[in-house]
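Read the structure below first, then the notes.
The values are calculated or read from the model by the stated rules, or taken from the named source; none is laboratory data. Everything quoted here is computed from the prediction, not taken from an experiment. Ideal geometry is used to build each Cβ from the backbone, glycine not excepted, and the neighbour counts take in all protein chains shown.
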Amino acid sequence: MSERDRNRNGIGLGLALTALSGLTMLTAIVMVFRYAPREATMGDVQRIFYFHVSSAWVGFLAFLITALGGLLYLIKGQRRWDALALSSVEVGLTFITMAVVTGSLWAGAAWGTYWTWEPRLTISAIQLMIYVAYLMLRRALDNPEMRARFAAAYGIVASVTVPLSWFAIRWWRTIHPDVLTGGESMAITPRMLHTLLVSLAAFSLLYVTLLLARLRLERARDALDAVRRRFGAD
């Protein structure tokens, strides 16, 4: 298959995923505001929960994919794994930022304060800064091979923040609700669970769509750099 055919197939897949992602996201939004019941204690502000949990899940997934990409790069030394790690970090940071913002809005209504330094929120803030530093590290190194190796090692180590954040509300006493594993702060009904599952699927599909689009941009940049080097050498 020629490069032109691969590009055409990639664009076709991207368009199909974009349409499917948009439809799934629209379904999730309708379920959040029309299907899911009003929570008895917090009222309508609880509907932030579906966006907050889904964006946090995708952020965690993205950072684990970054660690996997870094590990495969260190083993195989192939540029495509470095591109995967970088692309997943950039997309993951978008979703983790969304999780922090929606969490703050939810906390402002539920706790009376937009931020408190309890374990889960503190780890989330540190995690956000760690992955911003990942991008800063890449920009600070000019040698492509050294940049990829350092970033791969950094991404693997940084992934420890994912289980830390997930288990924080189970290991330490915290006011953060733990509704998925039997917490008492909010009772989740079957219709709430259905809505959450659809939201998780919609956000996951959006992640895949954005990741593939970002990978196409990275490949295009690599091709442009190759052309520049060729004409620069000539």
Does residue 134 count as farther than 25 Å from residue 196 by Cα and not in a loop (DSSP other than H, G, I, E, B)?
yes
Does segment 163-207 hold any residues that are part of a helix (DSSP H, G or I), modelled with pLDDT under 85 and basic (Lys, Arg), and which are they?
170
Search result, residues across segment 94-117 that are within 18 Å of residue 60 (Cβ to Cβ), aliphatic (A, V, I, L, M) and either touching a strand residue (DSSP E or B) at 6+ places or on another chain (Cβ under 6 Å) or without any contact (Cβ under 8 Å) to a residue 40 or more places away in the chain (or both)
100, 101
Test: residue in segment 92-107 that is of a type in the set (A, V, I, L, M), modelled with pLDDT under 90 and buried (at least 20 other Cβ atoms within 10 Å of the Cβ)
yes
Yes or no: residue 58 closer than 28 Å to residue 143 by Cα and either at pLDDT 95 or above or not in a helix (DSSP H, G or I) (or both)?
no
Residues of segment 1-46 being modelled with pLDDT of 80 or more and not in a helix (DSSP H, G or I), which ones?
36, 37, 38, 39, 40, 41, 42, 43
Taking segment 13-32, which residues are of a type outside the set (S, T, N, Q) and touching a residue at least 60 places away in the same chain (Cβ under 8 Å)?
13, 14, 17, 20, 25, 28, 31, 32
Whichever residue in segment 206-223 is closer than 18 Å to residue 19 by Cα and charged (D, E, K, R) and, among such residues, is surrounded by the fewest Cβ atoms within 10 Å (Cβ to Cβ)
216
Failed item in (1) in contact (Cβ under 8 Å) with a residue 24 or more places away in the chain; (2) within 30 Å of residue 129 (Cα to Cα), with residue 80 passing the rest:
(1)
